[in-house]
Amino acid sequence: MPKHIWLLVIGIAINVTGSSFIWPLNTIYIHNELGQTLAFAGVVLMLNQGAGIFGNLLGGVLYDRLGGYRTITYGNIISIAASVALIFYHSILSYTILMIVLGLGSGVARPAMFAMASSVWPEGGRRAFNALYVAQNLGVAIGASLGGFVAKFSFEYIFIANALFFFVFFLLAVLTYKPIDSKYDPHAYGTVLDQNLKIVKKANFRALIMLSIGFFICWVAYVQWQTTIASYTQDIGISIDRYSLLWTINGLLIVLGQPIIKVITNWIPSTKVQIQIGHFIFLLSFIYLLFANSFLSFAIAMAILTIGEMLVWPGVPSLADDLAPKGRAGFYQGLINSVGTAGRMVGPVLGGFIVDIYSIEILFYGLLILFIIPFVATHFYDRKLNSEQLERVEN
């Protein structure tokens, strides 16, 4: 990989390590430490992710206008301010407000990093996105495992570690990311509405929306591991440090399993098929969860889930980059990131409500039905694209 890709990889690993001290324990902290219901915990996470959606869209637009260096710097400043404040303010009101601000800052920076990776290494294709994905999960493995251990002593230490890692990421970005903007073309910016003049570009945007529908559902299901399933493991006697170990397993499998995944993806004929196989594996993991009642069974379910996400998570932004017209990479990455964030926003509220009113088994059955949608959406996402391109060629 080029040097600049390595800098982005290191940066996102540091950033996610810091974030992973907090997000796997959010529901546990709100429910167990602050004494709120699961549904209320879901509302707080919904607001956090809602701010992230706005941040993703804003970050994508800022990237197209200002470039990645300035966009990431602005996002980092917001994140640092919120994470430092979290060290000192722990009431439910202040925690909620600061989680909203933290979601905004993180949302601004993320699409810029993905768009920068594509601009620096366009010949790398999905390898650039996969590298960032692996770095994210290395951060998850380190942050989650350390977070569960630290939380046994005090949640305040969790907030301190989060702030420190954000600051280190800020220093790295300020010192090394400016040269990565060398390929940025400020005159390429325009709005997505400009694409209406070209039918192929309209088809690309419609294809992105179809792809996003399946991506959204996958995140609604996936985020249950961080929310309702997290609380459920506590209820059945799995300690907080062992729950955090599940995310360590997730991250390590992603990092250590890359040679195997590389062989598999080389064998799969297209990124579209890769994503569809990942959807099926997601489905299998939630079927297995219906019978999970011990740490070992949850670890197996997590391993199955991890294989699915290794195919879906880097595949979707890669297709989004393929669909993006010149000068719109930031907007397309911002949109696809905002869709994932929307899934993480809706998921905790929906899951918490269903578990509070019914049971976690009912939630799992509902998710199994919802998984029909990603199969259909991904299967048909490029049908209009292909037919309109064929029509244009014939004309």
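The values are calculated or read from the model by the stated rules, or taken from the named source; none is laboratory data. All values reported here derive from a predicted model rather than from experimental measurement. Here the Cβ positions follow ideal geometry from the backbone for every residue, glycine too, while neighbour counts run over all protein chains shown. For the accessible areas, the whole protein counts, side chains as well, though only heavy atoms, and no ligand, DNA or RNA atoms are used. Shrake-Rupley method; radii C 1.70, N 1.55, O 1.52, S 1.80 Å.
Filter region 320-346 for residues that are β-branched (Val, Ile, Thr) and open to solvent by 10 Å² or more (accessible area, probe 1.4 Å); which is nearest to Gly105 (Cα to Cα)?
Val339
Being open to solvent by less than 10 Å² (accessible area, probe 1.4 Å) and more than 25 Å from Ala115 (Cα to Cα) is the filter here; which residues of region 298-319 pass it?
Passing the criteria: Phe298, Ala301, Met302, Leu305.
Checking Ser91 against (1) touching a residue at least 12 places away in the same chain (Cβ under 8 Å); (2) more than 17 Å from the chain's Cα centre (by Cα), which test does it fail?
Result: Ser91 passes all but (1).
Gly50: small (Gly, Ala, Ser), in contact (Cβ under 8 Å) with a residue 12 or more places away in the chain and touching an Asp or Glu at 6+ places or on another chain (Cβ under 6 Å), yes or no?
Spelling it out, it is not the case that Gly50 is small (Gly, Ala, Ser), in contact (Cβ under 8 Å) with a residue 12 or more places away in the chain and touching an Asp or Glu at 6+ places or on another chain (Cβ under 6 Å).
Residues Tyr95, Tyr157, Tyr133: which one is closer than 26 Å to Arg65 by Cα and aromatic (Phe, Trp, Tyr)?
Just one listed residue meets the conditions, Tyr133.
Since Phe21 meets every condition but one in (1) under 19 Å from the mean Cα position of the chain (by Cα); (2) assigned to a helix (DSSP H, G or I); (3) of a type outside the set (D, E, K, R); (4) buried (at least 20 other Cβ atoms within 10 Å of the Cβ), which condition does it not meet?
(2)
Table: residues versus (1) at pLDDT below 85; (2) buried (at least 20 other Cβ atoms within 10 Å of the Cβ); (3) within 21 Å of Asn56 (Cα to Cα).
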site	(1), (2), (3)
Gly124	yes, no, no
Leu132	no, yes, yes
Asn137	yes, yes, yes
Ile142	yes, yes, no
Ser154	yes, no, no
Leu164	no, no, no
Ala173	no, yes, yes
Gln195	yes, no, yes
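Where residues in region 67-110 are under 19 Å from Leu8 (Cβ atoms) and hydroxyl-bearing (Ser, Thr, Tyr), which of them is most open to solvent (accessible area, probe 1.4 Å)?
Among those residues, the one meeting the criterion is Tyr74.
One line per residue, one yes/no per condition, for (1) in a helix (DSSP H, G or I); (2) of a type in the set (A, V, I, L, M, F, W, C); (3) more than 26 Å from Ser145 (Cα to Cα):
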position: Leu8; (1), (2), (3): yes, yes, no
position: Ile30; (1), (2), (3): yes, yes, no
position: Met46; (1), (2), (3): yes, yes, no
position: Leu57; (1), (2), (3): yes, yes, yes
position: Ile72; (1), (2), (3): yes, yes, yes
position: Leu86; (1), (2), (3): yes, yes, no
position: His90; (1), (2), (3): no, no, no
position: Val101; (1), (2), (3): yes, yes, no
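Which residue is modelled with the lowest pLDDT, if the candidates are limited to region 175-189 and must be assigned to a helix (DSSP H, G or I) and surrounded by 13 or more Cβ atoms within 10 Å (Cβ to Cβ)?
Here the residue is Ala188.
Just one of (1) within 20 Å of Val9 (Cβ to Cβ); (2) out of contact with any Leu (no Cβ under 8 Å at 6 or more places or on another chain); (3) open to solvent by 10 Å² or more (accessible area, probe 1.4 Å); (4) not small (Gly, Ala, Ser) trips up Val255, so point out which.
It fails just one condition, (2).
Can you find a residue in region 287-295 that is open to solvent by 40 Å² or more (accessible area, probe 1.4 Å), part of a helix (DSSP H, G or I) and in contact with a Leu (Cβ under 8 Å, 6 or more places away or on another chain)?
Checked region 287-295: at least one residue is open to solvent by 40 Å² or more (accessible area, probe 1.4 Å), part of a helix (DSSP H, G or I) and in contact with a Leu (Cβ under 8 Å, 6 or more places away or on another chain).
Would you please name the residue that is nearest to Ala163 (Cα to Cα), looking only at residues in region 83-108 that are touching a Gly at 6+ places or on another chain (Cβ under 6 Å) and at pLDDT 90 or above?
For region 83-108, the residue satisfying everything is Gly105.
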